[in-house]
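**Q** Pasting in a structure now, in structure tokens, and then I'll have a few things to ask.
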Amino acid sequence: MEEIHIQTNSTEETMEIAKRIGEVIPPGTVLVLEGDLGAGKTTFTKGLAVGLGIKRVVNSPTFTIIKEYLGRLPLYHMDVYRLENREEELGFEEYFESDGITVVEWASNIKEQLPSSYIACTIHRIDEDTREIVVQSVGGENIDWIKEIIRNDNSISNGHV
Ligand code: ADP
Ligand code: MG
């Protein structure tokens, strides 16, 4: 599987890389965010939203499952943490198949309903301010454009592809 590793050393650095991704992310992309509580999934989504030109502040949608924001493209921010061990169909494919950007936190809870290809970002907490972000292409999803962002940006520390 194709993989990109990025290390960030602060909240702002994670926001910045996510913003750059949001600036060029292709319509219809599904982005799955994995990582423990406090890893930085919502922080990453906030940066992505800035890159999409969204003015509203993005907060964790834990109690609503899906929040929608409008920018250059719509952003559908899902947190399916509370759907553990539930089988019901909630119509996720409508979002996945749209031209908007769908971000899914705790996607392992809806594994069966995920599309055949997507980008998975796993955030590992190294210490208080350091995170390792592993970007993976699942099902043949193109991630070359993310490699380009890393290559062309000197402010991103320790990015390697
Ligand atoms: P999650 O959604 O994964 O539960 P949050 O994004 O809500 O996590 O919280 C991450 C916390 O870690 C925030 O308080 C953030 O400021 C802090 N943090 C510290 N360093 C980083 C970093 N390098 N990247 C992302 N978040 C960081
Ligand atoms: Mg969160």
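**Q** Step through the residues of the range 30-36 one at a time and calculate ³J(HN,Hα) from phi using the Karplus curve (6.51 cos²θ - 1.76 cosθ + 1.60, θ = phi - 60°), rounding each to whole Hz and writing x for Gly and Pro.
**A** Listing the rounded values in order: 9, 10, 9, 10, 10, x, 5 Hz.
**Q** Using bins 5 angstrom wide from zero, how does P(r) for the chain break down, in % of all Cα pairs?
**A** 2, 9, 19, 24, 22, 15, 6, 2, 0, 0
**Q** Let me ask another. Using 7 Å Cα-to-Cβ label points, what is the Arg72/Ser60 separation (nm, one decimal)?
**A** A separation of 2.9 nm, rounded to one decimal place.
**Q** Please report how far the C-alpha centroid of the range 95-130 lies from that of the range 9-67, rounded to the nearest whole angstrom.
**A** Centre-to-centre distance over Cα atoms comes out at 10 Å.
**Q** At Leu90 and His5, where each label point lies 7 Å from the Cα along Cα→Cβ, what is the point-to-point distance in nanometres?
**A** With each label placed 7 Å out from Cα toward Cβ, I get 3.4 nm.
Readers should treat all values here as calculations from the given coordinates under stated rules, not as data from a laboratory. None of these values were measured; they are calculated from a predicted model. Every residue, glycine as well, gets a Cβ built from its backbone with ideal geometry; the counts of neighbours run over all protein chains shown.
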